[in-house]
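Some notes on the structure that comes next.
The values are calculated or read from the model by the stated rules, or taken from the named source; none is laboratory data. Keep in mind the model is a prediction, meaning the values are calculated, not measured. Reconstructed Cβ throughout: ideal geometry from the backbone, glycine too, with neighbour counts over all protein chains shown. These accessible areas exclude ligands, DNA and RNA; they are computed on the full protein's heavy atoms, side chains included. Shrake-Rupley method; radii C 1.70, N 1.55, O 1.52, S 1.80 Å.
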Amino acid sequence: MNFQGISIRDSAALDFVSLGGLVHRLDPGVIPFRKAHECKIHVSGGEFNVTANLSDCFGLRTGIVTAMVKYPIGDLVAERVRAMGVVPFYKFFDHNGVNGPNIAAVYSDRAFGVRAPLVFYNRANEAAAQLKPGDFNWGEIFAAGVRWFHSGGIFAALSDTTAELILEAMQAARSSGAVVSFDLNFRAKLWKLRGGEEHARKVLARILEHVDILVGNEEDLQKGVGVSGPDAVATSKLDQRTFLETIEKVVEKYPHIKIVVTTLRAVHSTNRHDWGAVAWINGKSYVSPQCELDVYDRIGGGDGFASGFFYGILTGESPENAIKLGWAHGALLTTFPGDTTMATLDEVRTLASGGTARVQR
């Protein structure tokens, strides 16, 4: 199959494999942590979320390459991986009963109205950060065929060795004939510990040399790639032309990249966003519909977009339909608690084709 100049296998043992760290997110709802008495636990990870969405909502065969720790939190996380139908490729770590290695904890409240969500971490002695080249047999993973390989900037930011592991995996993926995608997912708090934006751009520049398809919002593109654009915080309108200009600058730096997609989000309050998306595909631009979102939990919306868009490409949809599927799934994901999908493919297709929230009888 050929999609706009990108050759994609028609079939393989796995449609999609991602490399990244698994985390558990503690969510006290609308209560800030300083006043919280209880939390829900969501299993997450930028790379895992896309893989899980493609399996659970879109019915594709997917896998995750990651670290797993032998202790109860690891058991909880592994159960969620199984429940989402994702094939795991684990490097196991033994927990010493005191200080790890650990599955990272992410703390994120949902906030409300004019009060913004707050995200912070406990990634001390994180098992995923200890992953390094040589930890996985890529020949075995790709042996039966993988159509698409994916990783992201969150995993790249964890340590020097995780970035090198991404490079090793991408080289193996390209040698096997898999499409390679990367989500910049720029996290300033993670990169700050390792040299800040300047160091991040040096690391990411090496990775982007191996990428066919790049995902990132306006802040990701500016901070992770180092291109100029609108103020990602101050922008109040979804000006597609401005972001297409930003994407053009990315492609000038990395002309081998065939597709760049970005979500557009104007935040009026924690619970009311304007939502859209733009794609640059092999020299042509495509714009999604726009809508106002009533947001229940915004975490994972970008991963929701990426998974819907990737599904469109993998199943031979037109560029116009692929971006609509991504836009619709990302919008729906913000209506659910947690970081991974609870949507059905019928719901995604209905919204993508102009459906409304009228009751279904």
### Query
What are the radius of gyration and Dmax of the stretch 301-356, computed over its Cα atoms and given in Å?
10.1, 31
### Task
May I ask for the distance between the Cα centers of the stretch 18-43 and the stretch 91-150, given as a whole number of Å?
14
### Summary
In this structure, the FRET efficiency calculated for R82 and K202 from their beta-carbon separation, with R0 = 41 Å, to the nearest 0.05, is 0.60
### Task
Please report, in whole Å, how far the alpha carbons of the stretch 39-107 spread along each principal axis, starting with the longest.
40, 28, 17
### Query
Top mean-square fluctuation among R115, R272, R123, Gaussian network model of the chain, C-alpha springs under 10 Å?
R115
### Task
With viscosity set to 0.692 mPa s and temperature to 37 °C, compute the Stokes-Einstein D of the stretch 42-159, Rh being the Kirkwood radius across alpha carbon pairs; µm²/s, no decimals.
209
### Query
Zone of L193 (label point 7 Å along Cα→Cβ, backbone N under 14 Å): which residues in the stretch 131-169?
131, 154-163
#### Entry: Using alpha carbons only: equivalent-ellipsoid semi-axes of the chain, gyration tensor based, whole Å
27, 25, 21
#### Entry: Sequence of D10, D274 when ordered by accessible area, the most exposed leading, probe 1.4 angstrom
D10, D274
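Set the bar at 22 Å for Cα to Cα. Now go through K249/K284; K91/K192; K91/K223 and name every pair that lies beyond it.
Beyond 22 Å: K91/K192; K91/K223.
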### Query
Pick from E198, E292, E140: which is most flexible by mean-square fluctuation in a GNM of the chain where alpha carbon atoms under 10 Å apart are linked?
E140
### Query
Which percent, nearest 5, of DSSP beta bridges in the stretch 1-102 are antiparallel?
35
### Query
Which whole-number percent of Cα pairs in the stretch 125-271 have a distance greater than 18 Å?
58
### Summary
For S175 and D10, extending 7 Å from Cα along the Cα-Cβ vector and measuring point to point gives, in nm, a value of 2.7
### Query
Rounded, prolate or oblate: which fits the stretch 225-348 when a ≥ b ≥ c are the square roots of the eigenvalues of the alpha-carbon gyration tensor, with rounded for a/c under 1.5 and prolate only if a/b beats b/c?
oblate
### Task
Would you look at the GNM of the chain, springs on alpha carbons closer than 10 Å, and say which of K202, K223, K132 moves the most?
K202
### Summary
Diffing the stretch 197-209: the Karplus 3J(HN,Hα) column from phi (6.51, -1.76, 1.60, θ = phi - 60°), in whole Hz with x for Gly and Pro, holds 5, 4, 5, 4, 5, 5, 5, 5, 4, 5, 5, 5, 5
## Note on the structure
Heavy-atom accessible area per residue of the chain, all protein chains kept, 1.4 Å probe, expressed in Å², is 42
### Query
Suppose R0 equals 25 Å; then what is the FRET efficiency for K284 and K253 from their Cβ-Cβ distance, rounded to the nearest 0.05?
0.85
